[in-house]
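To start, the structure itself, in structure tokens.
Just so it is clear, none of the values below were taken in a lab; they were calculated from the coordinates. Just so it is clear, the model here is predicted, and its values are computed rather than measured. Every residue, glycine among them, receives a Cβ derived from its backbone with ideal geometry; neighbour counts consider all protein chains shown.
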Number of protein chains: 6
Amino acid sequence: MATVHYIEYEDASPEVREVYDDIMTTRKVDWVNNFWKALAGQPELLQRTWYRVKEVMAPGAIDALTKEMLYVAVSVTNGCRYCINSHTAAARKKGMSDEMLSELMAVVGMANQTNALANGFQLEVDEAFHNGGRDSE
Amino acid sequence: MATVHYIEYEDASPEVREVYDDIMTTRKVDWVNNFWKALAGQPELLQRTWYRVKEVMAPGAIDALTKEMLYVAVSVTNGCRYCINSHTAAARKKGMSDEMLSELMAVVGMANQTNALANGFQLEVDEAFHNGGRDSE
Amino acid sequence: MATVHYIEYEDASPEVREVYDDIMTTRKVDWVNNFWKALAGQPELLQRTWYRVKEVMAPGAIDALTKEMLYVAVSVTNGCRYCINSHTAAARKKGMSDEMLSELMAVVGMANQTNALANGFQLEVDEAFHNGGRDSE
Amino acid sequence: MATVHYIEYEDASPEVREVYDDIMTTRKVDWVNNFWKALAGQPELLQRTWYRVKEVMAPGAIDALTKEMLYVAVSVTNGCRYCINSHTAAARKKGMSDEMLSELMAVVGMANQTNALANGFQLEVDEAFHNGGRDSE
Amino acid sequence: MATVHYIEYEDASPEVREVYDDIMTTRKVDWVNNFWKALAGQPELLQRTWYRVKEVMAPGAIDALTKEMLYVAVSVTNGCRYCINSHTAAARKKGMSDEMLSELMAVVGMANQTNALANGFQLEVDEAFHNGGRDSE
Amino acid sequence: MATVHYIEYEDASPEVREVYDDIMTTRKVDWVNNFWKALAGQPELLQRTWYRVKEVMAPGAIDALTKEMLYVAVSVTNGCRYCINSHTAAARKKGMSDEMLSELMAVVGMANQTNALANGFQLEVDEAFHNGGRDSE
């Protein structure tokens, strides 16, 4: 199915293996998923993407599970099959219950609906919402 | 700009005012934003949408602020101008700091990138991700 | 705002004016809208697009007003500001009432929601729906 | 494939069965498709979605078949595999011929093209199209 | 899988075979891919689409391979499975190396990310970028 | 309009100014556009995004102008107003003529159309296109 070859660990160069090792260590698994094996054909693409994902998804002002659920929300909206599966699995692993998944999906469904309505009616942005409420208390 | 007329409170029928009152009470504001005033042209559309949004966005297994941030993530991904502004404002009102907004945007940006890469490379879903990890512990 | 110059009728070549005339005759107006004036920079693009739109939107097994409403549905889903405005106006001109617009938007909103839910839950296509019911009676 | 378990009729609670019965009665079938069985994990999500879909899709100012074709147009534009199949099948069941399907697809294809062109050229909305022709006769 | 029947060469009318022959001659192949066989149910749709694609994709100010890579970029962004596969194959046939595919995907991934960030932050267009730099030297 | 404050050069920290300087040096300009000034609220987001964009857009197997046109194609498909303007301007600066812009838009328009048709008809991927022609000569 993939339009490029997966680079398996045993066939990988040292610089690619270094990234694979970091992925497995960070995620506490002993295997590398297809996404990274597809990017490995261009080591720079693999490195930049992995280290940035690792950085962005680390807990900060927003916790790790919430970040994972945000990732699911975007993947569902974009209809990316691989991503919906991998990130739903990742969110479950980080503590998302079935009840949380249902609520998440209900929010995402509703948001896609109201986005369409707002776009469709070409609404003017209310003054109180200007700049996303940037200067409000 | 809007393709329909906004129904102002003073011109609204009793059934529409009932919804407007509930919106203002729930949100602790004394005005109704354009989105609802545009839907009011069809009272049924206004009612169903408001009561469902109210239900879906109430705190549950997922808290209210996280739900609002999920809404922002979807709106950004769909590029809905009205929604990005109104929901960013709503999230700020519910406690989202500038730091949280930046982290949210970083996650949404990254997710849109990896969604494109995963789609582009037509990846097979790894076995461990089948069913979004539905049957895993 | 536009990234190219509009070619006004008075500045247009004979081959471009030929298309402009056909647009105005077909639509029973005495002016050419911005969309066509932007395409006119590349006469071939203007010709192919206009004659194909004219052909596709002519009444057939589906009537002209329904075709215009389908166009609105797609434009709303894609969030194209210019298109939402121009096609909502065109649909009104072809007989779409405010009530019909509201019903159309309700359907489009609902569809965007259930599309997200179906994608999000990664549903298998039921056997009865295979091939979009192509071989059913 | 699905990221949640389907709730089969025999395993469903009375409140879920009540919705299932209404779906089958309304659609004159003796089975429930996967979409509803996936939503049933959260009975409220199932109820709200079904009763709203039923309401929105009932014939009104716009007839039922046209509403179904609008649903197909949105599903195609969003690229939702499950939805394209289920709604194309539903539209066929409501009377859409192969000829109508071809015309619908031709319109949807054209609309996706001109949406991209209009967005790409960043066109100003002509005055006559302001507010989607809201105040025109 | 397809929602319509494929019209095979042996079952095709003379007008459809004429298009099929032109496709095979132009592409130097001895078979017709599914996309055209699905459109053939409506000969006019087949004709218009093929001749326009042939015209648009011919080398001009932009060469044929670059045009094919642009097609891949759009297909990836839209997540169209059929298109990603067929156009990646076509681009390879026209000279795209694995290295070029990786660079293309890196650009497309980055663009999808920065598009989301720009939309999300609701940026004002800088004066120097007005009209896409239309009037700059 | 923006949902965050722009960090102007004069108000920027040394680490942010370092990035600003690199942007202006690389692009041979004496000003920083809004996109970067919005990201600067989170210095890490600014750094990662700038250095990765710089890397991805540098000439490689694909030249710089082609990469810029790919960026326009994605931005148009996503309908990102800011991005369409900034990247169309950037492409013009790198040598894209009006004729090339028209051809690019014609390709992007066509691709959005055929993507919708292919998705809509739910086509099976022909064997010759499997894996995007990965293993073909």
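Expressed in nm², what is the orientationally averaged projection area of the convex hull enclosing the Cα positions of the protein assembly as shown?
Dividing the Cα hull surface by four gives the mean projection, 33.6 nm².
What's the angle, to the nearest 10 degrees (0 to 90), between helix F:64-78's Cα axis and the longest principal axis of chain F?
80 degrees
Can you give the Kirkwood hydrodynamic radius of the range B:51-124 from its Cα pairs, in Å with one decimal?
13.4 Å
Could you give each residue of the range F:39-53 its phi-based ³J(HN,Hα) in whole Hz, using Karplus coefficients 6.51, -1.76, 1.60 with θ = phi - 60°, and x for Gly or Pro?
Those phi angles translate into 6, 4, x, 10, x, 5, 4, 4, 4, 4, 5, 4, 5, 6, 4 Hz.
Determine Rg/Rh for the range B:38-86; Rg is computed over alpha-carbon atoms and Rh is the Kirkwood hydrodynamic estimate from the same atoms.
With Rg and the Kirkwood Rh in hand, the quotient comes to 1.03.
When the dipole is taken about the Cα centre of the range C:91-137, and only Lys, Arg (+1) and Asp, Glu (-1) are charged at their Cβ, what size is it in debye, to the nearest 20?
Around 460 debye, computed over the range C:91-137.
Taking chain E as a Gaussian network, where each spring joins two C-alpha atoms under 10 Å apart, which residue of E:Ala111, E:Ala91, E:Ala61 fluctuates the most?
The residue with the greatest mean-square fluctuation here is E:Ala61.
Can you list the distances in nanometres, one decimal and ascending, from the B:Glu127 label point to the identical position in each other copy, with the point 7 Å along Cα to Cβ?
Ordered by increasing distance: 2.7, 2.7, 6.3, 6.3, 6.9 nm.
For the range B:1-128, calculate the relative contact order in percent as a whole number, restricting contacts to Cα pairs under 8 Å that are 6 or more residues apart.
It rounds to 17 percent for the range B:1-128.
Roughly how tilted is helix B:98-121, in degrees to the nearest 10 and between 0 and 90, from the longest Cα axis of chain B?
That helix lies at roughly 60 degrees to the long axis.
Can you give me the C-alpha center-to-center distance between the range E:87-133 and the range E:1-44, rounded to a whole angstrom?
32 Å
For the range E:95-137, treating each Cα as an identical point scatterer without solvent, what Debye log10 I(q)/I(0) comes out at q = 0.14, 0.20 1/Å?
Scattering profile of the range E:95-137, log10 relative to I(0): -0.55, -0.77.
Provide Rg and Dmax in Å for the range E:8-137, with only Cα atoms included in the calculation.
Values for the range E:8-137 (Cα only, Rg and Dmax): 18.7, 59 Å.
Would you work out the Kirkwood radius for the range B:8-67? I mean one over the mean of 1/r across all pairs of different Cα atoms, in Å.
Mean inverse Cα-Cα distance, inverted, gives 12.1 Å.
Under a GNM of chain D (C-alpha, springs under 10 Å), which listed residue has the highest mean-square fluctuation: D:Ile23, D:Ile84, D:Ile62?
D:Ile62
Please build a GNM for chain F, connecting alpha carbons under 10 Å apart, and tell me which residue among F:Asp63, F:Asp126, F:Asp30 fluctuates the most.
F:Asp126
As a test of the formula, what do you get for the protein assembly as shown when each DSSP H run with n ≥ 4 contributes -39,500 (n - 2.57) and the sum is divided by the residue count, at 222 nm and rounded to the nearest 500 deg cm²/dmol?
Calculated at 222 nm, the ellipticity per residue is -20500 deg cm²/dmol.
For A:His5, what is the net charge nearby, where nearby means another residue's Cβ is under 11 Å from its Cβ and Lys, Arg count +1, Asp, Glu -1?
-2
Which of A:Tyr51, A:Val76, A:Met24 sits farthest toward the positive end of the charge dipole of chain A, with +1 on the Cβ of Lys and Arg and -1 on the Cβ of Asp and Glu?
My answer, from the dipole projection, is A:Met24.
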